[in-house]
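Let me begin by presenting the structure, written as structure tokens, before commenting on it.
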Amino acid sequence: MSKLWIRYSTALCSCVLFFIHHLAYSQVISDTLQLEEIEVVATRIQQPLKYQPTHVEVIDSVSLSMQSVQNIGEVLNSSSMLFIKDNGPGGIATASQRGLSASQVQVLWEGIPINSVMAGQTDYSLLPASLFSTVQISSGNPSSAFGGGSLSGAIYLSSDRAEYQGVSIGQSVGSFGQWQSSLNGQIQSGNWRVHLKSAVSRDENDFEYYNRAFDQEEYRTHNRQEQENIIAGIGYSQGNKQFESKFWFADSKNEIPGTILTSNSQSRQDDQSMRWLSRYQTYWGEAEFTFKNYVDRSELNYFDSKADTRSISTTRRWLISSAFDYKINNNVLLKGELSGSLSGVETNNYTGLKTRQQFSALLNPEFETLQSRVHIYPALRLDSYNDFGTVLSPTLGVNYALRKDKLFLRGQLSRDFNPPTFNALYWLPGGDPNLKPERSNNAEAGLVYYPRWLSFSTVTLTSFYNRVNEGLRWTPNETGNYVPENVDQVTSKGLETSLTNRFTVGRQWNLVLEQSANYVHAQITEPRFDGDEALGNQLRYIPKWNYQASLRAQRTFLSAFIQYKWTNRRYTTDTQEFASSLKPYHLLHATLQLQQQYFGVNFQAQTGVRNLLNTDYEIIQWYAMPQRNYHLSLTATYEF
């Protein structure tokens, strides 16, 4: 296997170097392929990428369309620096950002936090990639931006309306009984528009794998997954007034196979959610005001007849907010927001209904000085909770153009927090209503370079340091029950770098080569108890090194997308026992897409291979991952 890895790595590096050398030598760079001004929404700073104080990764609509049959967890794993803790097809998938836990990553839909208030995290396997237009990952996003929960950063999901008026129907099939249908459309009449995105999938996930515990080939069983998702919206615009309302319904039914050590699993989980977001934007004089009203209702029901377990949970939340932007002059933009929310959980795992009331006030102006070469972003947020008090979150970000439009120095300091989850406060047995919020001090500094020589488009280098105090950890007590405690003192530090190349070959092929790598050292820095052997060791399941690369080639009717990822060794114990660690792995995916028009209908055919190298690997110990697998899809779009 090691020799095979060396051969593939050598071939990949050789191809990359060949492309860079050949294209740079022939000087065929097109101005039309230079990095476009992307609207950044993940940081709440109204500036292009180059003026941001922190690093932001953007997965655009083109990349998402080439991965439309995947879920967001699979997309993030292949296209970002995040480490996705994936339990395999049909299983839960959560994220680790800069070495911290899933509950310390904030997930936003159109600027609204959607992490579960019960568990504090999001299962990315329940989010079809086809529902979203862009994904932005801001690893240094502070709590002052969207509130508590972002100790390590945020992931922003956008479901913007389509660029066309018409209807689109798609069907895909794949290995292991994978099947997905989609219906999308948009129509506009006068000032009104209506749009729809939907996806229905049925996956057996009965793939073959090698069970290393019993040294035999087996098939995954009791692993069927059914999902339905619909996002429907209506909008109205007239002059400087805009109104939009979106409704998102999601329903998922999962059989849970358990680890490869488990036989005859009978557990299953049903997830259902309804989210409704309305937004109204208008101007009063020179000030822009945005009002939001958001409500959601989620059900999470878990059953295991074998263990005689039956967990029924319903969560409700209501949030309202009012934000304003006022441009005092060309150098000062005054911004702020007032918001309030009410959350409630009913479950047979708590004693009665549990609620949380929250009030928040934010002031986050933007300043420009020295002929717009220096951008300063101070922010102060106050969050008041009825169950554990008031928290202040200050932030200071800076971006300085060392060379105008070419070289930028950026950095940010922040004091962040994460409120205790409802499960940590109220779970029976074990919940502790006296828990404190997790707090962290976060620092980030980096460089962004836009060279105009050779073939380079963008080069970034970022260093970060994050110290978490009062970190939450569930540990067994003297009775054997797990209880949450504010005992973790964690330090996460590291480096991130990325390189984007944009080329044209001749006058027909457009190529985008993206590469990124990151080093993360996350460790317990203070003993949690006498003789704590985890002190100074890398946190469990956190790889120190990651590398990913993608090559996207496009020519009128033909597109190709190749993705590669290498993940370093992960330890499954606090003491870094090598014998039980998970070996490094590398993955290669390839997608080919054809587009053609017949009789006024645009047809798009796509075929793809995931895990092209047929790698045998585990992300989480004893949870099987599929080897080489395929998909085929056909989409027909008729524009009005």
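The values are calculated or read from the model by the stated rules, or taken from the named source; none is laboratory data. Because the structure is a prediction, the values reported are computed rather than measured. Quick reminder, even Gly has a Cβ in these numbers, built from the backbone with ideal geometry, and neighbours come from all protein chains shown. Just the protein is used for accessible areas: all its heavy atoms, side chains included, with ligands, DNA and RNA removed. Shrake-Rupley method; radii C 1.70, N 1.55, O 1.52, S 1.80 Å.
Quick check: from the Cα gyration tensor, does the stretch 117-191 come out rounded (a/c under 1.5), prolate or oblate? Here the stretch 117-191 falls in the oblate category. For the stretch 358-432, the relative contact order comes to 21 percent (Cα pairs under 8 Å, sequence separation of at least 6). A straight line joining the Cα centroids of the stretch 298-365 and the stretch 196-274 runs 23 Å. What the Cβ-Cβ distance of residue 369 and residue 261 gives, at R0 = 60 Å and to the nearest 0.05, is a FRET efficiency of 0.45. Label zone (residue 272, point 7 Å along Cα-to-C-beta; backbone nitrogen cut-off 13 Å) within the stretch 294-328: 297-302, 313-315. Just round it to a whole percent: the fraction of Cα-Cα distances in the stretch 471-525 exceeding 13 Å. Counting pairs separated by more than 13 Å, the tail of P(r) holds 76 percent. Less than 5 angstrom separates the built amide H of residue 458 from those of 500, all sequence-distant by 5 or more or on a different chain. Remark: relative contact order (the stretch 471-542) = 25 percent; criterion is Cα-Cα distance under 8 angstrom and separation of 6 or more residues. When only the Cβ of Lys, Arg, Asp and Glu is charged (+1, +1, -1, -1), the dipole of the chain relative to its Cα centre reaches about 1460 debye.
Our summary gives the chain a relative contact order of 11 percent, counting only alpha carbon pairs under 8 angstrom and 6 or more residues apart. In a fully extended conformation the segment linking residue 213 and residue 461 would gain 85.1 nm over its present Cα-Cα distance, using 0.36 nm per residue. Counting only protein heavy atoms and a 1.4 Å probe, the chain has 45 square angstrom of accessible area per residue. Residues in the stretch 291-308 near a label at residue 316, defined as backbone nitrogen under 18 Å from the 7 Å Cα→Cβ point? Only 293-301 pass the distance filter.
Projecting label points 7 angstrom from Cα along Cα→Cβ for residue 179 and residue 495 puts them 5.1 nm apart. Length available on full extension from residue 525 to residue 376: 0.36 nm per residue minus the Cα-Cα distance, which gives 50.4 nm. Considering only GluC sites (Glu not before Pro) in DSSP loops that have at most 15 other Cβ atoms within 10 Å, the longest stretch of the chain without any of them is 287-477.
For trypsin sites (Lys or Arg not before Pro), the sites in the stretch 260-356 that DSSP calls loop and that have at most 12 other Cβ atoms within 10 Å are 306.
Under the simplified labelling scheme, the residue 479-residue 280 pair shows an inter-label distance of 5.2 nm, with each label point 7 Å from Cα along Cα→Cβ. Roughly how far apart, in whole Å, are the Cα centres of the stretch 164-192 and the stretch 367-405? Between the Cα centre of the stretch 164-192 and that of the stretch 367-405, the gap is 40 Å. Estimated from helices alone, the mean residue ellipticity of the chain at 222 nm is -2000 deg cm²/dmol (sum of -39500 (n - 2.57) over DSSP H runs with n ≥ 4, per residue). With Cα atoms as the point set, the radius of gyration and Dmax of the stretch 459-501 evaluate to 17.6, 58 Å. Does a label point 7 Å from the Cα of residue 202, set along Cα-to-beta-carbon, have any residues of the stretch 245-276 with amide nitrogen under 17 Å, and which are they? Within reach of a label on residue 202: 251-255. Converting the Cα gyration tensor eigenvalues of the stretch 304-395 into ellipsoid dimensions via √(5λ) gives semi-axes, longest first, of 43, 14, 12 Å.
What's the center-to-center distance, using Cα atoms, between the stretch 581-640 and the stretch 477-549 in Å? A separation of 26 Å, based on Cα centres. The Kirkwood radius of the stretch 409-541, taken over pairs of alpha-carbon atoms, gives through the Stokes-Einstein law at 10 °C and 1.306 mPa s a diffusion coefficient of 87 µm² s⁻¹. Of the trypsin sites (Lys or Arg not before Pro) in the stretch 394-466, the ones in a loop by DSSP (not H, G, I, E or B) with at most 11 other beta carbons within 10 Å are 404, 452.
Surface composition of the chain: carbon and sulfur make up 56 percent of the accessible area, probe 1.4 Å.
Treating each Cα of the stretch 559-615 as one equal point scatterer and applying the Debye formula with no solvent, the log10 of I(q)/I(0) at q = 0.15, 0.24, 0.31 Å⁻¹ comes out as -0.62, -0.91, -1.12.
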